[in-house]
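**Student:** Here's a structure for you.
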Amino acid sequence: MALDRLTGENSVLFVRSEQLFDTARRNSLWYLLFGIACCAIEMMHAGGPRFDFDRFGIFHRGTPRQSDVMIVAGTVNKKMAHTVKRLYEQMPNPKWVIAMGACASTGGPFRMYPNVVLGVDQVVPVDVYVPGCPPRPEALQYGFMQLQEKIRSTSEERLAARRDRA
Amino acid sequence: MYGLGILKGMRVSWRNLMRGPITVQYPDERLTLPERARWAVIPLMNDDGAPRCTACMNCVRACPDGILDLSFVTREDKTKHIDTFRYEVGACMMCGLCVESCPFDALAMGHDYELATTDTACLTSTLLADVDAASPKRERTAGDAAEKGGDDA
Amino acid sequence: MSPGVLALVSALAALGLMLANGVVLIYMLRKVLAHFHLRLGPMRVGWHGLLQTPADVLKLLTKEDFDPSATDLWLFRLAPFMVFVPSFMAYLAIPFSDSLSFTPLDTGVLYTLAALALVPVGILAAGWASNSKWSLIGGMRAAAQQIAYEVPLLLSVIGVVMIAGSLDMSEIVKAQQGTWLGFIPRWFVIPQFGGFLLFLIAALAELNQTPFDMSVAESELVEGFANEYSGMKFAFFFLAEFSNSFVVSALAVTCFFGGWLLPWVPIDLPVWVDVAVFLTKTYLCIFVLMWIRGTLPRIRIDQLLSLGWKGLIPAGLAWVLLTGVVVKLVP
Amino acid sequence: MPPDATALSRTLVSAGVEGAGVSEEALGVLARVPTDAVAGALAALAEDGYSFLVDLFVTDSGEALELTYHLRSFGTDDEVFVRAVAGHGAEVPSVWETHPAALYAEREAAEMFGLSFPGHPNPKRLLTTDEIGEPPLLKSVPLRAHHEVARPGIVRVAPEPSQEDEG
Amino acid sequence: MPESVSFAAFAVLGLLAVGCSIMMLATPNVVHAAFWLLGVMLALAGLFLALSAEFLALVQVMVYAGAVAVLLLFVVMLTLRRREDAVRPIDFSWPSVGLAAAFLVSVLVALRAFAPAVPRLPASAPGVAEFGRLLFTEWVLPFELASLVLLVALVGAVWWSGGGDR
Amino acid sequence: MPGHLTIAVFAMLGAGFVAVTLLFSRVLQHRSFGDEKYSPYECGSDPVGPPWVQFRIGYYVYALLFVVFDIETVFLYPWAVAYGSLGMFVLLEMAVFIGILAFGLAYAWKEGALTWR
Amino acid sequence: MTADQVKRAADAIAAEGTLVAPKVPTGLRRVPGGVDALATEHLVVNMGPQHPSTHGVLHILLELDGEEIIAAEASLGYLHRGIEKLAEHRRYHQIGTLLDRADYVSGFHTEWAYSMAVERLAEIEVPARAEWIRALMSELNRIASHLLWLGTFGMDTGAMGPFLYIMRDREALLDIFETVSGARMMFNYVRPGGVVMDFPLQAEPLIRAFLDTWDGYLDEYHDLLTGNEIFRPRVKGIGVIPRSTAVAFGMTGACLRGSGLPWDLRKTRPYGPYAELDFEVPLGTTGDNWDRYMVRMEEMRWAARLARQLLDGLPEGDFTAKVPKVLRPPAGEVYAAVESPRGELGVHILSDGSDVPYRLRLRSPALFNLSVVDEVLPGSLIADAVVTVGSLDIVLGEIDR
């Protein structure tokens, strides 16, 4: 059940609360502790003292049940794809995916090899692509900022659309 | 004595607390990248704004992943016109081989690492479009290029 | 005011304190751990990340919490209650000052310990109901750990009770008034240092804190018993954990560090000073817990159990007898 | 210090390995043995101190597969290569009993080149799943072509529908 | 405290205890049964509390709800082989129900009959200190015997569990 | 007995708070269904076999020992409270009590019941 | 370590007998134990691929009795991306980029092994300066790699402090790498013939600054873990790999040295400038987690000393030999190996004279080191399994290739 069922989609209460919740969501993005390949090292560095993910409220959880974001940090091959898909499915709504690095975005240097999936967006829907091989920790943080921006703008768009309909 | 090791460890973390954070607060503060840092490829221009690229295709051949795509037409007077010079940044591994292979210094590894995007179209960027290629200035380098091109063909 | 209304008011106040504690402690944990680890911690949500925890809570509130298939549905849903309610009830007896506590209880110490003893049963229920192997192992570990450390924890405060001659927490604090030789505060931590060490170790274990964080051992069991919990259900486990660390620290302050008493200040202080002193002491205790948490590795489950059974229980029994002898000899 | 080729060939002959040819090549001392004598040859060499299997190097020469066992002796501090030629899909006796290091190496070789190693205790795939199809390291198996991977924009494949519901 | 409130508490807790124990018997799942038993224990602790026997209530919580419940859960988990094992057949044999009812009635009748012989409880339950004083002066022999009983239980448990190995 | 009433109110308020919050959260969340989503979490792999299996006996012995010592410790509390007001003999009584149980602990130790696994 | 030491160790092996094949096939090995009426049922648990302490995407199937492991089987390939196959389609100077991504924690070593193989194949004489730069960078890389291992090892035992402290030192090292090669992880710096760019002037003060603080920091790590009364029983006597098992399973590097065999390619097959350098190789005795831990900790100290020697003695001269732009080594076959942080990292190249290798094989040390888990894990607890796997220092990119 969602709030709009109770209050109606266009009620001020619903619109305002969604805005508030989206603010909360984008400031509390917990990511799934899931490093696949080289990018995982830079992901660790992003959580390390020099770059410090925690500043953004970004924090790691070991289980998908408590995560909001899945960072696909590395090459996804056919054997891995099932796992990635399952872990994505096991995350509760709302959830987002960041494809970190060239491999996760497009298959990267390994895409000629038939066992490699051509970008993780073939398996799960991706919200932010972070090119680089591997991206700097700052680049990943920039990716997170893009994701925050995306959450904000989609929320605003949705609210605007609802206001229009009202 | 039992417990001394634990206390020593506690002292180490206390000392690190006193050292203070080493965090660089990224969007507000930035690290200066070393000169050699390699991020997304950028085309270099002459002072007059014309590209230095001669469409010699060396970089396209040098790229291990085949992510550079240069299409050009050769006119009757042997000058070249670059239709598009496309670069798939989403698949680039930033190895710098294209820049090394360029005999004209027409490419460089930029220092822009903020490449994240929500749009798949942004994973491919167009470095040059619809411009005249520079003419190879010196015989030697052009010869090198021709030889290399022939070599790989 | 009728007793019913009074009880309701104090319960609401306790709930408010618990939630405020949760918010403050989570923020504090992130900041303190970050600074121990050369980092800054939350910085960008509000001034120095002050709004970080509210944002987390709001997010968790709107996060989907579903019951995975094949779970033991009722137990799965009941487990957050079984963990949260006892840890909330443990607030009841804490004396914040001479006159201020949620309700005076003659058996305060025992009451608090009994309430805390119920938490691992809830964790066991959560682990069992989750239909996940890692959770099950986590739940079993929590129960085994409680079994090994409940007795030492109970033993560790007996010395204090013996000296104070009461189970009432404010009586225990009052017994610590004054100084020895004019400058050493009469805190029980000095005569009862052995008991305090026992209490420290057993309380860390009871709290599931590093180095005894068996049931949520991240590098072994992923998230332990809470593996399948999401959203608000998970938040209650989290909240209970932090609230327990407050309760245990408050218990330590009451039993060993003179509660609300300020040493060397014989005069009666206003209530708010008492409360401030008490909270400061408690938060200092929590700081030490976080310090430990940021430093130490985790003990292994069998080492943990044998430490409890072969080390702490005999030591606790011996300490109780020793205290008994000393109390009789030195009136 | 390379081992003595003649002594090596004596060792192999005395172990009953027929048709072994030992020669010194740029790579090192190389003993060529028939495929079915691999296990015997390696057992004999293990007796001789070559108990450390550095690597199993397999290559597809087009017509056949060449297996090169790279052995090392810590006692005499030298190395020897044992090479056998097997047809595609052939059976090569497993050497894990004398060189357990081959347990993973053989599994990998099996799936990468379509060999089989009878006697292997756990002849499962090591690195791939069945989805990969043909053994990938065979020369006849192509890589993806450029046009298969180079794409102007990424075609987004929607994940399988999970029934959206607010209930 | 008015008598009525106390009675209401007694009634509610009593009903809770009875209800939990009925559920304990009726539930087909043995793990659930263990948790219903936990409920019974807690309700009994509440009853002791309503009778102002604070110490006894806490002992009830600690020993029965904390320790015995865990013990029972372990026993249950120890004997389970499959999930289906957790489900037990529930078939009421009416004679046994009748027998239990008859026993209950006879106990009540006996209580009624011997009520005058039972000494009146003091108006307020003794505090812990008083309890301790009594325990170590008047009832010291049973107290020491209790330790022997516990010892026997302990040795028995150790012997029984270790018997298989040695 | 205001204290006891407060205990009851605390218990009810705590449970009520959890229930209300969970219900409220349920109102606010967007839910979706899917088989994969509801499958048990096991590091992203297919679970092999059920988790509810017979567990090891070592836990049970511990639980039995725990019950024994829990009862003993509970006896210690009234003793400790009354200790100051009683004579030297209580120390002796308790020493006997603890001694008997310590003997039991020593026996369990010797028999290896305290060794995990 | 001297040749004499190797000899003695070898004699010891001969006496022990190396032919200690496991009695029951690996992957199926079980702890012997009776099953009685109250037998517990076994729990089959997947550890990984998504698990905080499988160091990437290792997947181990564990059969548990309570918390004791009865049988274990590693399942790999979640990161198999065909580096060997791709290398057959790339020209020689393009392959370094692939190999960087194989062992992504110690790129300089992989690049060096590959370059060494190509140089032997094409008979290229490498200038001394290039060799010294390579050695300098790979020793620093050894510290960086071991540091990451130390951090994750600390995490495995439950201590999160070391993990965050090592990040500080790694950041300093990565800054050095970026200054020298232009990248933090995927260097593409060591090429056949030498290195691609000369050692920059700015790097020297950075390296000196790092080396000056390093010993103090290393002592802090020792204080945090080595002396810790909780940590020691977690690692001592756990995960014992006897020397014979280590040899039989082809283990190399710190795992082999932890088991007491003094085999370090830098000593036994000196390459680059190592013959001229003064260093020792730390050794363990029993082969438990503690020995592997101590060997790596001491190796970090020695690596820093080596780096100082290398930096002080960096010769002048060319940084690369003359290498044609398109390298076509003559037909032939070559094997070259370096001592990477994980062990013997070998590159075996078969050339047919064209501009791409006919076949390139990476001898992955971690694959062989890992193959022992099926053998050593049974009999230990989950907590020990995590620590034992951590002590092997695996990098999945290199294992799965």
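The values are calculated or read from the model by the stated rules, or taken from the named source; none is laboratory data. This is a predicted model, so every value here is computed, not measured. With ideal geometry, Cβ positions are generated from the backbone for all residues, glycine too; neighbour counts draw on all protein chains shown. Heavy atoms of the whole protein, side chains included, go into the accessibility calculation; ligands, DNA and RNA do not. Shrake-Rupley method; radii C 1.70, N 1.55, O 1.52, S 1.80 Å.
**Student:** Could you sort the peptides F:35-44, E:141-150 by per-residue average Cβ neighbour count (10 Å cutoff), highest mean leading?
**Tutor:** F:35-44, E:141-150
**Student:** Which of the pairs B:78/G:322; F:37/G:85; A:79/F:37; C:310/G:236; C:174/C:328; B:8/G:267 have their Cα atoms more than 24 Å apart in this structure?
**Tutor:** Check vs 24 Å cut-off fails for B:78/G:322; F:37/G:85; B:8/G:267.
**Student:** Could you compute the net charge surrounding residue A:48? Neighbours are other residues with a C-beta less than 11 Å from the C-beta of residue A:48; K and R count +1, D and E count -1.
**Tutor:** -1
**Student:** Sort B:57, G:300, F:12 from largest to smallest accessible area, using a 1.4 Å probe on the heavy atoms of the protein chains.
**Tutor:** Of B:57, G:300, F:12, the descending order of accessible area is F:12, B:57, G:300.
**Student:** Still on this structure: With a 1.4 Å probe and all protein chains kept in place, how do E:44, G:256 rank by accessible area, largest first?
**Tutor:** So the residues, ranked largest to smallest area, are E:44, G:256.
**Student:** Taking K and R as +1 and D and E as -1, what net charge do the other residues with C-beta under 14 Å from the C-beta of residue C:121 add up to?
**Tutor:** -2
**Student:** Turning to a different aspect of this structure: In percent, what relative contact order does chain C have, based on Cα pairs under 8 Å that are 6 or more apart in sequence?
**Tutor:** Value for chain C: 23 percent.
**Student:** Over all residues in G:217-226, what is the mean tally of Cβ atoms on other chains that come within 10 Å of each residue's Cβ?
**Tutor:** 4
**Student:** Can you name the helices of chain A, as whole DSSP H runs, whose Cα span along the helix axis is 20 Å or more and whose Kyte-Doolittle mean is not below -0.5?
**Tutor:** A:12-26
**Student:** Next question. Can you give me the distance in nm between label points at residue A:164 and residue C:265, each placed 7 Å from the Cα along the Cα-to-Cβ direction?
**Tutor:** 6.3 nm
**Student:** Mind checking F:94-101 for the average number of partner chain beta-carbons within 10 Å of each residue's beta-carbon?
**Tutor:** Mean number of neighbouring Cβ atoms from other chains: 6.
**Student:** If you don't mind, there's one more thing I want to ask. Given charges of +1 on the Cβ of Lys and Arg and -1 on the Cβ of Asp and Glu, with all other atoms neutral, how large is the dipole of the protein assembly as shown about its Cα centre, in debye to the nearest 20?
**Tutor:** Dipole about the Cα centre, nearest 20: 2600 debye.
**Student:** Would you pull out the residues with amide H under 5 Å of residue B:131's amide H, same chain only if 5 or more places away, H placed 1.01 Å from N?
**Tutor:** The list, which skips near neighbours in sequence, is B:82.
**Student:** With contacts defined as alpha carbon pairs under 8 Å and 6 or more residues apart, what's the relative contact order of chain A in percent?
**Tutor:** Over chain A, the number comes to 23 percent.
**Student:** ³J(HN,Hα) across region F:65-74 via Karplus (A = 6.51, B = -1.76, C = 1.60, θ = phi - 60°), whole Hz, x for Gly/Pro?
**Tutor:** So the J values, rounded to whole Hz, are 4, 4, 4, 4, 6, 4, 4, 4, 5, 5.
**Student:** From the Cα gyration tensor of region A:53-93, with a ≥ b ≥ c the square roots of its eigenvalues, which class applies: rounded if a/c is under 1.5, or else prolate if a/b is larger than b/c, or else oblate?
**Tutor:** Cα axes put region A:53-93 in the oblate bin.
**Student:** If I model a spin label at residue A:157 and residue F:24 as a point 7 Å from the Cα along the Cα→Cβ vector, what separation in nanometres do I get?
**Tutor:** 3.2 nm
**Student:** Just to make sure I understand: if all protein chains stay in place, what is the order of G:129, G:296 by accessible area at 1.4 Å, largest first?
**Tutor:** Largest to smallest exposure gives the sequence G:129, G:296.
**Student:** Assuming R0 = 25 Å, what is the FRET efficiency of residue E:138 and residue C:321, from their Cβ-Cβ distance, to the nearest 0.05?
**Tutor:** E(calc), rounded to 0.05, equals 0.60.
**Student:** While we're here: Just going by the charge dipole of the protein assembly as shown, with Lys and Arg at +1 and Asp and Glu at -1 on Cβ, which of C:287, A:34, C:157 is farthest out on the positive end?
**Tutor:** So the residue furthest toward the plus end is C:157.
**Student:** Further question: With a ≥ b ≥ c the root eigenvalues of the C-alpha gyration tensor of region A:117-157, is it rounded (a/c under 1.5), prolate (a/b larger than b/c) or oblate?
**Tutor:** Since a/c reaches 1.5 but b/c is at least a/b, the shape of region A:117-157 is classed as oblate.
**Student:** Let me ask something additional. Run down the aspartates and glutamates and flag those whose C-alpha is under 17 Å from the C-alpha of residue C:233, throwing out any fewer than 8 positions away in its chain.
**Tutor:** Those aspartates and glutamates meeting the cut-off are A:68, C:56, C:64, C:65, C:67, C:72, C:223, C:241.
**Student:** Using a 10 Å cut-off around each Cβ of peptide G:167-175, what is the average number of partner chain Cβ atoms that fall inside?
**Tutor:** Taking all residues of G:167-175 together, the mean is 5.
**Student:** Could I have the simple spin-label model distance between residue B:57 and residue G:198, label points 7 Å from Cα toward Cβ, reported in nm to one decimal?
**Tutor:** Here the answer is 3.6 nm between the modelled labels.
**Student:** Going by the alpha-carbon gyration tensor, a ≥ b ≥ c the square roots of its eigenvalues, is region G:102-151 rounded (a/c under 1.5) or, if a/c is not under 1.5, prolate (a/b greater than b/c) versus oblate?
**Tutor:** oblate
**Student:** Another question, then. Considering only the other residues whose Cβ falls under 11 Å of the Cβ of residue F:42, what net charge follows from Lys and Arg at +1 and Asp and Glu at -1?
**Tutor:** So the environment of residue F:42 carries a net charge of 0.
**Student:** Kindly state, to the nearest 0.05, the FRET efficiency for residue G:128 paired with residue D:129, given R0 = 35 Å and r defined as their beta-carbon distance.
**Tutor:** For residue G:128 and residue D:129, the calculated efficiency is 0.15.
**Student:** Considering Cα pairs under 8 angstrom that are at least six residues apart, work out the relative contact order of region G:259-401 and quote it in whole percent.
**Tutor:** Normalised by residue count, the contact order of region G:259-401 is 17 percent.
**Student:** Ignoring ligands and nucleic acids, what accessible area does residue C:281 show with a 1.4 Å probe (Å², nearest 10)?
**Tutor:** 30 Å²
**Student:** Which one, D:44, D:135, D:30, projects farthest toward the positive side of the charge dipole computed for chain D from Cβ point charges (K/R +1, D/E -1)?
**Tutor:** D:30
**Student:** Any chance you could look up the accessible area of residue G:290 with a 1.4 Å probe, heavy atoms only, rounded to 10 Å²?
**Tutor:** The accessible area of residue G:290 comes to roughly 30 Å².
**Student:** In region G:245-327, which GluC sites (Glu not before Pro) fall in coil by DSSP and have 14 or fewer other Cβ atoms within 10 Å?
**Tutor:** Loop-located and lightly packed - G:280, G:316.
**Student:** Next question. How high is the FRET efficiency from residue C:9 to residue A:122, r the C-beta distance, R0 56 Å, rounded to 0.05?
**Tutor:** My answer for the efficiency is 0.40.
**Student:** Near residue G:325, which aspartates and glutamates are there with a Cα under 12 Å away, not counting those fewer than 8 places off in the same chain?
**Tutor:** The reachable aspartates and glutamates, counting only those whose Cα sits under 12 Å from residue G:325, are B:100, B:144, B:147, B:151, B:152, G:355.
**Student:** Carbon and sulfur: what percent of region C:124-196's accessible surface (1.4 Å probe)?
**Tutor:** That fraction is 62 percent.
**Student:** Right, something else. May I ask you to list the chymotrypsin sites (Phe, Trp or Tyr not before Pro) in region B:1-80 that are in a DSSP loop and have at most 14 other Cβ atoms within 10 Å of their Cβ?
**Tutor:** Answer in residue order: B:2.
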